[in-house]
Amino acid sequence: MAVPKARDLKLSSHREKVVLVGGYRPGDLLPGEEPLEELERLAETAGAQVVAKVVQNIKEVTPATFIGKGKCQEIKQLATQLGAKCVLFDHDLLPGQGKNLDEATGLKVMDRTELILDIFASRARSRMAMVQVGIALLNYRLPRLKRLWTHLERQEGGIGMRGGPGEKQMEVDRRKIEKQIDDLKHELKEIEGRKERMVRSRAKDNYMVSLVGYTNAGKSTLMRSLTGEQVLVQDKLFATLDTKTSMLKLGGGNHVLLSDTVGFIRRLPHHLVASFHATLQEAMSADLLLHVADASSPHVRGQMDSVNSVLKEIGCGKTETILVFNKIDAIKPEHELDFNVLKHEHVEAVPVSALHGEGLDRLRNEIRERARDDAMPLSISVHAGEGKMLAFLATHFFEDSREMDGENVILHGRASREVLEKMLTSPASVRFLKGWPK
Ligand SMILES: Nc1nc2c(ncn2[C@@H]2O[C@H](COP(=O)(O)OP(=O)(O)OP(=O)(O)O)[C@@H](O)[C@H]2O)c(=O)[nH]1
Ligand SMILES: [Mg+2]
């Protein structure tokens with residue numbers, strides 16, 4: 001089944017010139033948020049070249065064109081002067097608004113959701129990511145077919161397009177897209193089923209830890225520093241689209257599984273949250289979340305709030321979490337006071353520099369403590385002659401104390417699911433004195 005490809009995207013890959021536009025009502029921006037700052041990062045990530053930014057404070061949205069008619073003309077002139085053919089809006093436009101803006105400016109108009117979808121589509125590598133993005137893209141396009149046709153008409157000189165874009169042709173296209181969405185959803189269901197079974201079988205034996213956080217917070221860098229796994233790290237938004245899981249050794253032989261996931265963003269398009277359930281599966285079934293926040297960003301509070309609300313939305317609002325303040329090496333002197341206040345408000349958070357390795361020992365200890373708390377309290381007796389089993393337990397059992405009872409070693413402590421499984425299936429005889437596993 002074909003999925004929409006990067007070449008179907010609106011932005012051309014070679015540094016297309018764009019004008020950014022934001023029309024903000026009071027309260028639209030977060031305290032301290034620079035207008036268009038994040039949109040600019042998104043535009044750069046998509047490979048565009050920002051040649052101008054237009055910001056308008058509005059009392060309310062103009063229903064037909066979002067911003068006022070006069071502003072549309074101003075944008076049109078500015079873009080023509082600077083040689084830009086595309087305008088990026090920092091808002092989600094209604095299908096009709098997009099069409100009207102196309103007409104009013106004579107330019108290619110994209111909204112925030114479309115831009116994010118563009119980025120996701122060009123970065124998707126695995127079949128799962130491609131299918132997920134494909135569904136989101138088609139769902140976005142469906143109510144905008146009319147506008148799409150106008151685009152094509154203009155590109156082709158307005159005549160001779162498969163007999164003209166009459167309502168009938170549009171209806172045929174609509175059915176085609178609906179069928180495509182159905183097929184892709186069917187395929188995604190199969191992929192999701194496989195993925196769920198895989199995650200579930202891993203979760204049975206292992207304590208699962210998942211990295212979550214705002215895009216570019218340093219999740220993949222932390223994954224690299226903690227596990228040595230060579231995951232992709234980039235100073236771009238949405239560098240990671242696929243999840244990757246690896247073993248995290250915690251010292252003393254204990255380990256957990258750590259997963260890197262897709263980054264979140266403020267006002268994450270709803271189509272994407274809905275489509276990305278398979279990718280978020282790791283986070284959804286994790287025993288512990290590491291919420292990585294970029295402490296060097298002046299917008300760290302707003303970013304943390306956004307992440308928390310997405311977590312709630314996907315049903316992880318109550319999962320046990322360690323808050324990690326990353327990039328402490330990059331905090332500017334003028335933000336130090338703010339950061340100290342933030343640390344004071346979250347005394348349980350772990351400050352780290354994933355890049356330079358600072359604070360990672362404390363983080364490992366915290367994870368170990370949580371994994372230990374999750375493990376089952378047990379007292380066991382093993383014959384002193386069971387050398388192999390005792391060696392295994394020496395590194396895998398969370399041991400509090402031990403004593404000898406004749407020829408037996410008595411261990412008091414906690415056993416993870418993996419260790420329990422090993423003890424129950426091993427031919428070596430282990431007697432359970434306290435905390436009999438169910
Ligand atoms: N100064 C500094 N930079 C860091 C640190 N951790 C990560 N970075 C940088 O931040 C940028 C983003 O890092 P990634 O690890 O790709 O971030 P991510 O959270 O995985 O991002 P997405 O996958 O896009 O959501 C890269 O340029 C990293 O080098 C840190 O502790 N200090
Ligand atoms: Mg990443």
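Data for the structure
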{"quantity": "Antiparallel bridge percentage (DSSP; both residues within the chain; nearest 5)", "calculated": "45 percent"}
{"quantity": "Whole-number accessible area per residue in Å² for region 375-434, which is evaluated in the context of all protein chains at 1.4 Å", "calculated": "53 Å²"}
{"quantity": "Convex hull volume per residue for region 65-137, taking Cα atoms only, in Å³", "calculated": "85 Å³"}
{"quantity": "Solvent-accessible area, 1.4 Å probe, carbon plus sulfur percent, for region 206-371", "calculated": "49 percent"}
{"quantity": "Dipole magnitude of the chain about its Cα centre (Cβ charges: Lys, Arg +1; Asp, Glu -1), debye to nearest 20", "calculated": "1480 debye"}
{"quantity": "If the convex hull is drawn through the Cα atoms of the chain, its volume per residue in Å³", "calculated": "163 Å³"}
{"quantity": "Residues in region 80-100 that a label on A64 would reach, taking backbone N under 19 Å of a point 7 Å out along Cα→Cβ", "calculated": "93-100"}
{"quantity": "log10 of Debye I(q)/I(0), alpha-carbon scatterers only, for region 299-393 at 0.13, 0.16, 0.17, 0.19 Å⁻¹", "calculated": "-0.65, -0.84, -0.91, -1.05"}
{"quantity": "Radius 12 Å from Cβ of T80, net charge of other residues (Lys, Arg +1; Asp, Glu -1)", "calculated": "+2"}
{"quantity": "For the chain: relative contact order, % (alpha-carbon pairs under 8 angstrom, 6 or more apart)", "calculated": "12 percent"}
{"quantity": "Computed [θ] at 222 nm, deg cm²/dmol, the chain (DSSP H ≥ 4; -39,500 (n - 2.57); rounded to nearest 500)", "calculated": "-13500 deg cm²/dmol"}
{"quantity": "Those GluC sites (Glu not before Pro) in region 309-395 that DSSP places in a loop and that have at most 13 other beta carbons within 10 Å", "calculated": "E320, E348"}
{"quantity": "Estimated distance in nm for a label pair at F432 and A394, the labels positioned 7 Å out from Cα along Cα-to-Cβ", "calculated": "2.6 nm"}
{"quantity": "Positive-end residue of V256, A278, L411, charge dipole of the chain with Cβ unit charges", "calculated": "A278"}
{"quantity": "Label-point gap, in nm, between T425 and H356 - each point 7 angstrom along Cα→Cβ", "calculated": "4.5 nm"}
{"quantity": "Entries in K219/K343; K17/K99; K85/K189; K108/K244; K204/K388 that, when Cα-Cα distance is taken, lie over 28 Å", "calculated": "K85/K189; K108/K244"}
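The values are calculated or read from the model by the stated rules, or taken from the named source; none is laboratory data. Being a predicted model, the structure only gives us computed values, none of them experimental. Backbone-built Cβ (ideal geometry, glycine too); neighbour counts: all protein chains shown. Accessible surface areas use protein heavy atoms only, side chains included; no ligands, DNA or RNA. Shrake-Rupley method; radii C 1.70, N 1.55, O 1.52, S 1.80 Å.
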